[in-house]
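Participant: Following this message is one structure expressed as structure tokens.
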There are 2 protein chains.
Amino acid sequence: MAPKDVRALIREGKINGPTAGMSGGYAQANLVVLKKDLAFDFLLFCQRNQKPCPVLDVTEAGSPVPSLAAPDADIRTDFPKYRIYRHGILTEEVSDITPYWEDDFVGFLIGCSFSFEQALINNGIAVRHIDEGTNVSMYKTNIDCVPAGAFHGQMVVSMRPVPERLAVRAAQVTSRFPAVHGGPIHIGNPGAIGIRDLGKPDFGDAVSIRDGEVPVFWACGVTPQAVAMNVKPEMVITHAPGHMLITDIRDESLAVL
Amino acid sequence: MAPKDVRALIREGKINGPTAGMSGGYAQANLVVLKKDLAFDFLLFCQRNQKPCPVLDVTEAGSPVPSLAAPDADIRTDFPKYRIYRHGILTEEVSDITPYWEDDFVGFLIGCSFSFEQALINNGIAVRHIDEGTNVSMYKTNIDCVPAGAFHGQMVVSMRPVPERLAVRAAQVTSRFPAVHGGPIHIGNPGAIGIRDLGKPDFGDAVSIRDGEVPVFWACGVTPQAVAMNVKPEMVITHAPGHMLITDIRDESLAVL
């Protein structure tokens with residue numbers, strides 16, 4: 001189904017679950033909504049930390065329209081589920097943020113690993129958590145992001161086990177897509193980036209790692225959300241995990257080469 | 001000479017001319033300084049128009065230190081020459097902007113084509129304006145940038161003649177470097193992007209185009225300066241053409257692949 005048709009069903013409440021696998025070939029986006037007085041520092045944070053925070057689009061203050069990513073979309077209604085955080089605490093989960101919208105809100109659409117997972121699959125590199133029907137494994141690391149204004153924190157990564165002989169290919173394939181996290185942050189040794197136990201992810205689910213496979217780590221779009229929470233602003237709105245905006249941007253059009 | 005040594009000579013006034021060819025292998029940067037109240041919209045403009053406006057670093061409001069690009073540099077003194085624009089009009093050309101500096105100034109360092117020109121040369125693709133000892137040819141186009149807040153305008157491009165058989169290689173080589181304008185905007189037909197006469201560039205100098213050569217057009221870092229002027233802010237400071245900051249960033253480290 002075309003992105004705009006899926007968005008219409010989401011807007012009407014007829015789709016309210018995770019969006020994985022919908023409108024194959026089109027990029028999906030994470031959401032962070034902040035008040036304008038924090039928007040410059042947050043955009044600067046994203047600019048300085050492009051691997052975890054690849055910006056696909058930013059709305060003008062007060063406008064709910066992502067004019068680059070999906071010009072006929074409305075970021076207040078076109079994600080299946082949202083989370084409202086007040087002073088850093090999750091207070092509500094809703095399917096429409098129109099009642100919460102203020103005229104100085106700025107929405108950040110952040111690229112999502114769904115796009116590069118398709119590129120891996122297209123190259124014969126299976127994605128374990130998809131095959132196992134779970135959420136990707138995500139871990140806090142000891143890698144400091146470059147701070148910007150009030151925003152600071154450590155990088156969150158996602159991990160996918162890859163057969164050793166395909167690890168370089170996985171790095172090549174995903175490096176073509178800097179707008180959706182790009183090449184891996186690390187290959188091989190979880191301890192080197194501060195991860196103690198691959199079996200206990202900080203977010204998402206653990207997956208099996210087979211003999212002859214190496215863990216490959218990519219910067220994760222949970223990072224900007226975690227960093228925004230650190231600041232404990234009066235209000236932050238994000239999408240609920242897995243409940244993304246389906247944009248009009250074709251995955252392949254995000255490739256730099 | 002290492003970047004920090006060249007910057008020291010510039011700071012002491014011992015180098016005051018164009019920086020082309022200095023500290024080979026290190027990225028040089030364009031400058032736009034604006035007041036903080038315009039900084040979000042300008043950063044958003046750059047984010048939406050990454051080919052003409054690839055951001056290498058942005059200083060925190062009031063700080064003259066480009067902490068990512070050259071942590072021991074001072075953007076007030078380390079360019080050989082600056083231009084001060086008041087309400088869109090060039091009023092002064094100076095070698096030190098410390099007396100003009102205000103505590104809400106934000107400096108934007110924008111990537112520069114010097115980096116990808118070296119990549120072209122390394123691939124056996126000669127760069128005509130370097131061989132002819134002139135400035136690169138730059139043209140206004142009819143390509144609208146994506147507007148952001150008050151900032152809007154059309155893209156400025158630079159042009160380099162390339163032998164037809166090497167045009168694809170030129171596109172490949174420069175596509176590796178999105179942080180310094182990336183792949184070409186157009187190959188071949190100046191009229192298609194609103195350029196009437198290649199012999200009459202809007203900025204820089206005309207170069208000879210030989211039989212069997214095709215004009216190749218790249219997005220140009222003059223674009224963000226031109227766009228900032230359109231807004232006619234109370235004050236904008238830029239570098240003087242060709243008088244750049246030499247950063248500590250190695251050209252090759254900017255390659256995505």
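Participant: With the checklist (1) in contact (Cβ under 8 Å) with a residue 40 or more places away in the chain; (2) out of contact with any His (no Cβ under 8 Å at 6 or more places or on another chain); (3) open to solvent by 20 Å² or more (accessible area, probe 1.4 Å); (4) not in a strand (DSSP E or B) in hand, flag the one item B:Ile143 doesn't pass.
Facilitator: (4)
Participant: Can you tell me which condition A:Ala170 does not meet? The list is (1) among the small types (Gly, Ala, Ser); (2) buried (at least 23 other Cβ atoms within 10 Å of the Cβ); (3) closer than 24 Å to A:Thr247 by Cα, and all the others hold.
Facilitator: (3)
Participant: Let me ask something else about it. Is there a residue in region A:89-103 that is open to solvent by 20 Å² or more (accessible area, probe 1.4 Å), closer than 29 Å to B:Val58 by Cβ and not acidic (Asp, Glu)?
Facilitator: Yes, the conditions are met somewhere in region A:89-103.
Participant: Condition (residue is in contact (Cβ under 8 Å) with a residue 60 or more places away in the chain and open to solvent by 50 Å² or more (accessible area, probe 1.4 Å)) applied to region B:52-65: is it met by at least one residue?
Facilitator: Within region B:52-65, none of the residues are in contact (Cβ under 8 Å) with a residue 60 or more places away in the chain and open to solvent by 50 Å² or more (accessible area, probe 1.4 Å).
Participant: If you don't mind, there's one more thing I want to ask. Considering each residue of region A:111-129, count those that are more than 17 Å from A:Arg176 (Cα to Cα) and crowded, with 18+ Cβ neighbours inside 10 Å, and give that number.
Facilitator: Number satisfying all stated conditions: 3.
Participant: Hey, another quick one. Looking only at strands (runs of 3 or more DSSP E) that fall completely inside region B:192-257, which ones have 3 or more residues that are more than 21 Å from B:Arg86 (Cα to Cα) and not assigned by TED's automatic domain parsing to the domain that holds B:Tyr139?
Facilitator: The strands (runs of 3 or more DSSP E) meeting that bar are B:245-250.
Participant: Take A:Leu43 and tell me if it is in contact with a Gly (Cβ under 9 Å, 6 or more places away or on another chain), within 14 Å of another protein chain (Cβ to nearest Cβ), crowded, with 18+ Cβ neighbours inside 10 Å and of a type in the set (A, V, I, L, M, F, W, C).
Facilitator: Taking the combined requirement at face value, the residue does not satisfy it.
Participant: Just to confirm my filter: which strands (runs of 3 or more DSSP E) fall fully inside region A:1-108 and include at least 1 residues that are in contact with a helix residue (DSSP H, G or I) (Cβ under 6 Å, 6 or more places away or on another chain)?
Facilitator: In region A:1-108, A:26-35, A:55-58 are the strands (runs of 3 or more DSSP E) which contain 1 or more residues that are in contact with a helix residue (DSSP H, G or I) (Cβ under 6 Å, 6 or more places away or on another chain).
Participant: Based on this model, can you work out whether A:Leu38 counts as in contact with a Gly (Cβ under 6 Å, 6 or more places away or on another chain), outside the structural domain of A:His129 (by TED's automatic domain parsing) and buried (at least 19 other Cβ atoms within 10 Å of the Cβ)?
Facilitator: So A:Leu38 fails the test.
Participant: Just wondering, is there one or more residues in region A:149-162 that are open to solvent by 40 Å² or more (accessible area, probe 1.4 Å), more than 14 Å from chain B (Cβ to nearest Cβ) and more than 20 Å from the chain's Cα centre (by Cα)?
Facilitator: no
Participant: If you go through region A:194-214 one residue at a time, do you hit one that is within 14 Å of chain B (Cβ to nearest Cβ), under 24 Å from A:Val55 (Cβ atoms) and open to solvent by 40 Å² or more (accessible area, probe 1.4 Å)?
Facilitator: Looking through region A:194-214, none of the residues is within 14 Å of chain B (Cβ to nearest Cβ), under 24 Å from A:Val55 (Cβ atoms) and open to solvent by 40 Å² or more (accessible area, probe 1.4 Å).
The values are calculated or read from the model by the stated rules, or taken from the named source; none is laboratory data. Note that the coordinates shown come from a computational prediction; the quantities given were computed from them, not determined experimentally. Ideal geometry is used to build each Cβ from the backbone, glycine not excepted, and the neighbour counts take in all protein chains shown. With ligands, DNA and RNA removed, areas are computed over all heavy atoms of the protein, side chains included. Shrake-Rupley method; radii C 1.70, N 1.55, O 1.52, S 1.80 Å.
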